[in-house]
Amino acid sequence: YRIAVFASGSGSNFQAIVDQVQKGKLDVSIELLVCDRPGAYVVERAKEAKVPVFTFRPKDYESREAYEALILKELQDRQIDLVVMAGYMRIITNVLVEPFYGRMINIHPSLLPSFPGVNAIQQAVDYGVKVTGVTVHFVDGGLDSGPIIAQRAVEIHEHETAESLAERIHAAEHMVLPQAIRLLREGKVSIDGRRVLIRS
Ligand code: GRF
């Protein structure tokens with residue numbers, strides 16, 4: 001079961017997947033890291049984990065579709081079964097969404113549909129919610145809008161800052177994302193319209 005991970009930043013979610021695989025707790029093969037920022041720390045993590053990397057600079061291409069066509073070829077050449085967006089900070093177009101609908105997931109640091117988009121953790125603190133969390137969902141081309149696979153709640157403490165909350169949010173992500181990948185690997189997830197059915 002061959003997966004590709006897309007990331008743009010530190011890659012702690014990527015690392016969480018690598019760690020689970022290396023501990024023998026997640027039976028997948030991480031075949032590729034796709035990164036739109038060649039200098040991002042996640043690229044170092046991939047080299048350390050001996051995961052092949054495809055990095056690119058969006059500004060070197062005349063359009064999103066142009067670089068996505070190249071990425072799609074990389075994914076197809078490697079016969080990727082599942083694409084995992086883990087902190088990939090670019091909008092993706094139908095060039096990638098279409099061929100992978102139902103086989104492309106994203107992790108987002110809020111309980112969607114609350115607080116989609118960037119700075120979700122700060123949005124939750126600013127709004128004053130008492131409970132936020134993390135969501136793994138299928139990618140459907142909208143912004144953090146696809147059918148939800150898994151969620152985990154994280155309480156917001158009194159006088160909490162976005163920094164202290166972020167640590168607990170990321171810890172939750174590092175549990176929920178590998179779990180969701182495991183369910184997909186085991187064929188226990190199916191979509192019925194917006195509803196995602198998980199067989200135990
Ligand atoms: C995570 O919070 C993820 O949910 C969001 O971007 C962050 C990426 O963190 N989309 P990392 O690069 O995996 O550490």
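The values are calculated or read from the model by the stated rules, or taken from the named source; none is laboratory data. Just so it is clear, the structure is predicted and the values come from calculations on it, not from any experiment. When we count neighbours, we look across all protein chains shown, and the Cβ atoms used for this are built from the backbone with ideal geometry, even at glycine.
Output yes when any residue across segment 77-86 is buried (at least 22 other Cβ atoms within 10 Å of the Cβ), touching a strand residue (DSSP E or B) at 6+ places or on another chain (Cβ under 8 Å) and in a helix (DSSP H, G or I), and no when none is.
No, segment 77-86 has no match at all.
Please go through (1) surrounded by 19 or more Cβ atoms within 10 Å (Cβ to Cβ); (2) within 14 Å of the ligand (Cβ to nearest atom) for Glu68 and return the number of the only condition it doesn't satisfy.
Result: Glu68 fails condition (2) only.
Mind checking which residues of segment 1-24 are within 11 Å of the ligand (Cβ to nearest atom), assigned to a loop (DSSP other than H, G, I, E, B) and either on the phi > 0 side of the Ramachandran plot or in contact with a His (Cβ under 8 Å, 6 or more places away or on another chain) (or both)?
Restricting attention to segment 1-24, the residues satisfying the condition of being within 11 Å of the ligand (Cβ to nearest atom) are 5-17.
Filter again for assigned to a loop (DSSP other than H, G, I, E, B), leaving 8-11.
Scanning segment 1-24 gives a single hit, Gly11.
Step by step: first the residues of segment 153-163, then only those that are surrounded by fewer than 17 Cβ atoms within 10 Å (Cβ to Cβ) and more than 12 Å from the ligand (Cβ to nearest atom), then the one that is nearest to Gln179 (Cα to Cα). Which residue is that?
Within segment 153-163, the subset surrounded by fewer than 17 Cβ atoms within 10 Å (Cβ to Cβ) is 153, 155, 157-163.
Subsequent filtering for residues that are more than 12 Å from the ligand (Cβ to nearest atom) retains 153, 155, 157-161, 163.
Details: Ala153: 15, Glu155: 20, His157: 26, Glu158: 30, His159: 31, Glu160: 27, Thr161: 28, Glu163: 25 Å.
In this case the residue turns out to be Ala153.
Return a yes/no flag: does segment 138-149 have any residue that is closer than 17 Å to Leu183 by Cα and touching a helix residue (DSSP H, G or I) at 6+ places or on another chain (Cβ under 8 Å).
Taking every residue of segment 138-149 in turn, at least one turns out to be closer than 17 Å to Leu183 by Cα and touching a helix residue (DSSP H, G or I) at 6+ places or on another chain (Cβ under 8 Å).
State whether the residues of segment 50-60 include one that is basic (Lys, Arg), surrounded by 13 or more Cβ atoms within 10 Å (Cβ to Cβ) and either touching a Ser or Thr at 6+ places or on another chain (Cβ under 7 Å) or assigned to a helix (DSSP H, G or I) (or both).
Let us first name the residues in segment 50-60 that are basic (Lys, Arg), namely 50, 57, 59.
Cutting the leftovers down to surrounded by 13 or more Cβ atoms within 10 Å (Cβ to Cβ) gives us none.
Checking segment 50-60: not a single residue is basic (Lys, Arg), surrounded by 13 or more Cβ atoms within 10 Å (Cβ to Cβ) and either touching a Ser or Thr at 6+ places or on another chain (Cβ under 7 Å) or assigned to a helix (DSSP H, G or I) (or both).
Within segment 83-125, how many residues are within 12 Å of the ligand (Cβ to nearest atom) and among the basic types (Lys, Arg)?
Result for segment 83-125: 1.
Give me a count of the residues in segment 25-64 that are aromatic (Phe, Trp, Tyr) and either at pLDDT below 95 or within 14 Å of the ligand (Cβ to nearest atom) (or both).
Within segment 25-64, the first condition is being aromatic (Phe, Trp, Tyr), and the residues that meet it are 41, 54, 56, 61.
Checking the rest, the ones that are also either at pLDDT below 95 or within 14 Å of the ligand (Cβ to nearest atom) (or both) come to 41.
Going through segment 25-64 one residue at a time, the tally reaches 1.
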